[in-house]
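The values are calculated or read from the model by the stated rules, or taken from the named source; none is laboratory data. Model, not experiment: these values are computed from the prediction. Cβ coordinates were reconstructed from backbone atoms using ideal geometry, including for glycine residues, and neighbour counts include every protein chain displayed. Just so you know, the surface numbers come from the protein's heavy atoms only, side chains and all, with ligands and any DNA or RNA stripped out. Shrake-Rupley method; radii C 1.70, N 1.55, O 1.52, S 1.80 Å.
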Amino acid sequence: MNLDRPHPHSLSPRGLAIAGWSAFALAGGLFFAIAWNVTASSSLVALDARVAQWLHGHARPALTALLLAVSDLHSTAAMGLWSVIFGVALARIKAWVWLLTLTLSVGGAMLLNLLLKEAYERARPHFDDPLVTLGTYSFPSGHTTAAVAFYGVLAAFLVSRFYDRRLRAAIVTGAIAMIALVAFSRMYLGAHYLSDVLAAVCSSTAWLVLCLSGGHALARKNS
């Protein structure tokens with residue numbers, strides 16, 4: 001990397017605060033809108049059923065095997081392992097604020113997901129010949145929640161370390177693509193409805209924004 005290159009302009013603390021709170025409000029608002037539609041059995045619920053049936057009816061062995069692997073690699077245990085590996089790497093470079101941010105983001109998001117599942121108690125999609133069978137609640141998706149929290153922190157950390165705009169864009173795009181792949185895998189496998197994964201993205205994004213904002217404020221205080 002060319003260190004003589006001028007660094008791209010960063011948002012001011014005020015600009016970051018405005019962007020952060022705007023993202024938090026938008027994500028939180030969208031979550032509650034989705035949750036209301038689910039509990040009210042609106043047209044969104046009918047769309048959920050149609051999408052689930054279409055995906056199940058178009059399942060193919062090769063794609064099923066691939067998406068089962070994607071899903072397994074983003075289970076609670078797997079995400080815990082990836083977080084530990086990332087955390088060890090952060091500890092080795094003494095990035096303590098980032099380590100705290102990662103811990104709160106992933107751990108808090110997964111705890112929040114459990115609380116939301118218990119609050120809404122939505123049954124999972126049902127098929128006569130299911131690809132996966134789970135006994136827990138469906139809303140919102142735990143795999144998607146964890147993916148947003150983990151890849152969100154990973155992308156934010158990498159973006160803070162590189163200054164090339166194209167590389168930054170590639171990092172963010174890659175994180176979004178991984179989250180979308182995890183979300184799609186859960187829908188395709190019949191573990192979640194469309195609204196489950198959308199709600200997970202929203203709730204986890206809101207929590208991620210809080211964690212990143214807190215970490216940024218702590219880093220500025222200690223600098």
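Residue count for segment 119-136 satisfying the condition of being of a type outside the set (D, E, K, R) and either in a helix (DSSP H, G or I) or crowded, with 19+ Cβ neighbours inside 10 Å (or both): 3. Here are the criteria: (1) without any contact (Cβ under 8 Å) to a residue 40 or more places away in the chain; (2) over 21 Å from residue 27 (Cβ atoms). Tell me which single one residue 175 does not satisfy. Failed condition: (2). Within segment 183-211, the set of residues being under 13 Å from residue 52 (Cβ atoms) and β-branched (Val, Ile, Thr) comprises 197 only.
Exactly one residue among 31, 24, 86 is closer than 20 Å to residue 194 by Cβ, in contact with a helix residue (DSSP H, G or I) (Cβ under 7 Å, 6 or more places away or on another chain) and among the aromatic types (Phe, Trp, Tyr), and that residue is 31. Scanning segment 58-79 for residues that are among the hydrophobic types (A, V, I, L, M, F, W, C), in contact (Cβ under 8 Å) with a residue 60 or more places away in the chain and open to solvent by less than 20 Å² (accessible area, probe 1.4 Å) gives 67, 70, 79.
Taken over segment 209-223, the residue count meeting the criterion of being of a type in the set (S, T, N, Q) and either within 19 Å of residue 75 (Cβ to Cβ) or in a helix (DSSP H, G or I) (or both) is 2. Taking the criterion of being open to solvent by less than 30 Å² (accessible area, probe 1.4 Å) and of a type in the set (S, T, N, Q), the only residue of segment 149-186 that qualifies is 185. Criterion applied to 206, 191, 199 was being touching a residue at least 12 places away in the same chain (Cβ under 8 Å), within 17 Å of residue 110 (Cβ to Cβ) and outside any helix (DSSP H, G or I), and the one residue passing it is 191.
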